[in-house]
Amino acid sequence: QDGVQTLGVKARNRTGGQIWPVQSKNDHILGLGANWIHGISGFISHGFL
């Protein structure tokens, strides 16, 4: 708006962008990142992760 040009660049040493697949203790694949985890208290069990 003020005549200033910007460029945002992000890079990582792996493929997959913002999503980071993680295997839980119960052998579920969780796609972490690129989202917000919020809502009802206790919605996500700490034991699950």
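Please give me the summed charge of the neighbours of Gln18: other residues whose Cβ is under 13 Å from its Cβ, Lys and Arg +1, Asp and Glu -1. Counting the neighbours of Gln18, the net charge comes to +3.
Once the Cα-Cα distance is subtracted from the 0.36 nm per residue extended length, the Ile19 to Leu32 segment shows a gain of 4.1 nm.
We did not get these values from a lab; they are worked out from the coordinates using the rules stated. Nothing here was measured: the structure is a model prediction, and the numbers come from that model. All Cβ positions, even for glycine, are placed from backbone atoms using ideal geometry, and neighbour counts span all protein chains on display.
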